[in-house]
Structures are given as C-alpha cells and as structure tokens.
Amino acid sequence: MMRSLFSGVAGLKTHQTKMDVIGNNISNVNTVAFKSSSTTFSDIMYQTTSQASGATATRGGTNAKQIGLGVTNGATKISITSAGAAQSTGDALDIRLTDTNTTNFFIVNNGSENVFTRAGSFYLDGNGNLAMTTTGYLVMGWQVDPGNPKEVVKDTVTPLRVMKPENLTSAPEATTQANFSGVIDKTDSQFSSTGGYVRSFTFYDNLGYSYTAKFAIKRVGDGTSGEYTIGLTNVYDSNNKDILADYVADGGTIQNIFGETNPTTSAYSLAEGFKTQQQGNLTYELVDANNNVLTYDAATKTFKNAAETVSYTLAQVCGASGDNVTGATIGNGVINVTETTISYDLKFDTKEGTLTAAGEDGQTQLQFNASLLGPYRENVPVTNAISNITIDFSQLLNYDNGGTSTAVADAGATDGTTGRGKKLGTMTGLSVQNDGRIYGSYSNGNTVLLGQIAVAQFANASGLEELGDNCYKTTLNSGEFDGIGIDISADGSSMNTGQLEMANVDLSSEFTDMITTQRGFQANSRIITVSDTMLEELINLKR
C-alpha cells in the first residue's frame, strides 16, 4: 500500500519538473537566441518479490515478479542545434549565425574565462571593444597581421578592440598616377588665347596635403596637323601658393619637373590697321596704316620702321605674347611667330583622332617629376613628401565637337582608383562581412580590415552547460574549446548582419505538452487519494 503512495509522489515531482521546463520555455519565447529544453521520463528501480526460475524436464520456468517504485526525470535535453527564425533589426552590429553543417557559437569573455553564445546583439563599449549588449562580455576574435594588413592572424582569440586610436583614422597616400581624357576640338576658341586650353588636377603628398597642378594645352598652327603641346604652368599648395614658382626662384628649372625645350611656330592673324604685301616671289613685308614698312627686331621683340620712329609690339601687331617668342617672320597675311616653351608634344592621328605620341612617337605617358617640389627643392633642406606622378594621355581624342573641348585631367590611373592618392581619412562606419571580418570605412574612401570574429564548434553542442545570460560553457561531454576557434566560412556557414536569431520555442508544442503534463500530474494525485482511501479502509477494519 505504501509503494503506490510514493509512486504517486514521484509522479507528482517529475511532472512538476516537466512543468518547470515548459514554463521556462514559454517565458523565454522572446529571448534572443534562446534554446528550448525538453524532459524525458524514466522509470526508477523495481522491487523483485520473486526471482525468475529456469525450465526443467518436467516443469516450465517462471518469470520474475517485480513491482515498480515510480518515475524520475531521466534527462533534460536542450534543442541547441535547432536555429531560431531571423529577426531584422537594421543594426550593423546585430549578427545572426547561419549554420550549414555544424552549430556555431560566438566566443565571448566574461573577465575570467571564455564562454559561448548564440545571441549576436553587440555594441561598442567605452574602450572601443565589441561587446554583448546584455552582459558587456567582450567578443573574441583574431587581430590583423601587422606584416600584412589585409589578413588576420588566426591565433589565440583576443578581445576585438576595433575602435582603438590607430583605427580612428586611415593613413594618407601620395598620388602616383594621373590621366587626361576627353575630346580636344581644334576649333575651340580657348586655343586662340595666349594661355591655351587650361586643365588641372588635385594630387596629394605622403602626408595628405593637397596640391593643384595646372597644365596648358596649346594648338600648333591651325590644328590641321593634329599637333598640340602641353606644358606645366603652376603648382599650387593648399594655401594657393605657387610652389613651382618658388622652385624656379630657388634655381630649379621647369624642364626638371615637366617638359622639354619645345620651339613651335604658329601663324597669327594681323590686327586691324596692318597688312602684308609681297616684296619678292617668296617674301613679304609688313606695313601699318600709314604705309610704314616694318621689320622685326628680335632684340626688342618689336616691329620698327627703318628710321625707328615707329614701333609696335607683337601684341599690337598680331596678339601674340612676347614672353617666349624667339623669332617672327612675315607671311602672306599672317605673322609666323616662333615660341620656345617648356612643354611636350601631343600628336593625334589626323584620320582616326587617337593619340599617337606624348613626347615621343608611340609613347602615351609622361613623367611629372613632382617629387622635386615635394616640398624638397634644391638647396632647401626640407623633407621630400610628394611622389613623382605618371600621367597617361591615351584616352585623349582629337575630334570635331562643335567647337567645344571636353578634355579633363584627373588624379589616378584610367581605372579611376589606382595611384589616385588620398588625404587623411576619419572613420565613418563599421561593417561586418559574412565571414566575420570587420571593416572600417573612412572619409577618404579607404576600407580597412580591423579584425575578424571567430566562432567555436563542438562535437556535442547539446552537452554544453547553460550559464544563463544566453551563455554556455564546456563540459566533459561537449568537447573542449582549443582557444583559437575557426573561420565560420570554413564549412559554408555565415554571419548575417542587421539580424538576430529568435528563440526556437514552438508554442503549439509547449501548450500541448502543458496539457499532457497537467493531466499526468492530475492522475498521479489520484494515486495518492485512492491509496489514502484504501489505508483508511484498512484502519477501519477494527472498530
């Protein structure tokens, strides 16, 4: 009689334990990455009142007589390998683990040891460390290789301090390449001006300081031969100071920077009041409005009459500047002015309009020796910061564009990125890639690797011990953590940012289990009630 009472008590206790598990599951239905648990019952020891006997030649054997003594909680199993649904948050530091073959865990440190979690709700703490929002535990991972900043060292995991001071800025880069592209139209009115067609680009030195280089493209003759010249006119620093002029003033020559001595002869139209008249079969003379016959004086770069009572400058006669003029001859209705400039030749195919020469035939690139300005100059003991720049002219074209040239100059190679140079960048954002790599974005366009989040995998993830706060620790039955971790992409798994893993609690199953548990508890209570009634009847036998 007493056995049934204690069996009922055991049943009540076991069903209460199951109800506790169900209650915990339901209460955590909205806990990030919570893993539901289930209980498994097992019967406990039996009292054997008669042992089994074997058969003989004349008599059969008998089975043992056993009476069970109740039920117990055989196991509580956590459904840790079943992933919860995705919840979108839009926060770049909310990360959901997507498993392919093996259950993955973030590695976090509670100050004394590494523990493991599936809850990827992270933030940056006051020291710049990536940490759990709920507990402040530091997220562990791998650091960037000092010898190769584009890779990480997959060694013992350490806290990911992504906002340390050296990560807040991105180093500047010196410009090493530039390019000219677009259309040059020989009929563009800018080629008739003394300054020519002016283009410029901004470049940077090793320290991130910016400079502007100005170039003048000039037409040779009327442009029908497809010949032009390009020369460097100015290089301004960020304070609008012409450091090219300073270089020349310090004794340097422009040829050392960009260009070569380049004599060109161009035909200039006569200004109003001047005309030419034939003097012989192939020679012409210049006369003014008063019929004074004028000849060119190379020493003074003026036109004079024989008595030297009348004198005109080149600008007055034909609009040419006298700065670089080395000679002038009189042609049929024009003045052929020879100018010696420091520049390079640019030649275009007159049939196709493509560039055939930059400096020399077949060459499309020219060297801008900016390092001589950088700001190191001859006899000036300052540090060299500017790098030499290779300028590519292969994308220039010589077409008819309705009298408008569209040529532009830009820092960087023709791909738009290589050798462009950059100023000092400040961090503007963080992003986490699918493989856990953390990148910083900077105002100068740089994207820099800051570290990688490592994950842990276990032979028996269900064997981990729950610590609360969404964390687990290893046990003898889970397998050990080697201290290094693995790359989550090794087996095709990934990290998805802007999402969190929801609890994997199935409410329909939980409520169904709740019903069966309630009925089981109710039935066991009846065992005690009926046993009590039977004891009462036994006591009432003697009255």
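The values are calculated or read from the model by the stated rules, or taken from the named source; none is laboratory data. From a predicted model like this one, the values you see are computed outputs, not experimental measurements. Neighbour counts run over all protein chains shown; Cβ positions are idealised from the backbone, glycine included.
Annotation: of all residues in the stretch 346-376 being among the polar types (S, T, N, Q) and in contact with a Gly (Cβ under 8 Å, 6 or more places away or on another chain), the one that is nearest to residue 177 (Cα to Cα) is 356. In the condition set (1) within 27 Å of residue 121 (Cβ to Cβ); (2) over 16 Å from the mean Cα position of the chain (by Cα); (3) buried (at least 20 other Cβ atoms within 10 Å of the Cβ), residue 481 is compliant with all but (3). A count restricted to the stretch 48-67 and to residues that are under 26 Å from residue 4 (Cα atoms), surrounded by 10 or more Cβ atoms within 10 Å (Cβ to Cβ), without any contact (Cβ under 8 Å) to a residue 24 or more places away in the chain and not charged (D, E, K, R) stands at 7. Restricting attention to the stretch 449-467 and to residues that are small (Gly, Ala, Ser) and outside any helix (DSSP H, G or I), the residue that is farthest from the chain's Cα centre (by Cα) turns out to be 459. Remark: residue 70 falls outside the filter, which requires a residue to be free of Cβ contacts under 8 Å to residues at least 40 places away in the same chain, in the same structural domain as residue 40 (by TED's automatic domain parsing) and more than 31 Å from the chain's Cα centre (by Cα).
Looking only at residues that are in contact with a Gly (Cβ under 6 Å, 6 or more places away or on another chain) and either assigned to a strand (DSSP E or B) or not polar (S, T, N, Q) (or both) in the stretch 431-448, which one is nearest to residue 78 (Cα to Cα)? By that ranking, first place goes to 438. Examine the stretch 314-326 for a residue that is outside the structural domain of residue 234 (by TED's automatic domain parsing), in a strand (DSSP E or B) and within 15 Å of residue 265 (Cα to Cα), and state whether such a residue exists. Taking every residue of the stretch 314-326 in turn, at least one turns out to be outside the structural domain of residue 234 (by TED's automatic domain parsing), in a strand (DSSP E or B) and within 15 Å of residue 265 (Cα to Cα). For the condition of a type in the set (Val, Ile, Thr), more than 39 Å from the chain's Cα centre (by Cα) and surrounded by fewer than 17 Cβ atoms within 10 Å (Cβ to Cβ), residue 224 qualifies.
In a residue-by-residue description of the stretch 60-76, the property of being in a loop (DSSP other than H, G, I, E, B) and touching an Asp or Glu at 6+ places or on another chain (Cβ under 9 Å) applies to at least one position.
Within the bounds of the stretch 229-241, is there any residue that is assigned to a helix (DSSP H, G or I), over 30 Å from residue 352 (Cα atoms), without any contact (Cβ under 8 Å) to a residue 12 or more places away in the chain and out of contact with any Ser or Thr (no Cβ under 6 Å at 6 or more places or on another chain)? No, because not a single residue in the stretch 229-241 is assigned to a helix (DSSP H, G or I), over 30 Å from residue 352 (Cα atoms), without any contact (Cβ under 8 Å) to a residue 12 or more places away in the chain and out of contact with any Ser or Thr (no Cβ under 6 Å at 6 or more places or on another chain). Among the residues of the stretch 30-39, none qualifies, meaning not one is assigned to a strand (DSSP E or B) and surrounded by fewer than 16 Cβ atoms within 10 Å (Cβ to Cβ). Taking the stretch 268-294, which residues are modelled with pLDDT of 85 or more and either out of contact with any strand residue (DSSP E or B) (no Cβ under 7 Å at 6 or more places or on another chain) or part of a loop (DSSP other than H, G, I, E, B) (or both)? Result: 270, 271, 272, 273, 274, 283, 288, 289, 290, 291, 292. Of all residues in the stretch 164-185, those that are more than 28 Å from residue 387 (Cα to Cα) and without any contact (Cβ under 8 Å) to a residue 40 or more places away in the chain total 1. Within the stretch 263-275, residues that are more than 9 Å from residue 319 (Cβ to Cβ) have Cβ atoms under 7 Å from residues that are modelled with pLDDT under 80 and part of a loop (DSSP other than H, G, I, E, B) in these pairs: 266/221; 267/221, counting only partners at least 6 apart in sequence or on another chain.
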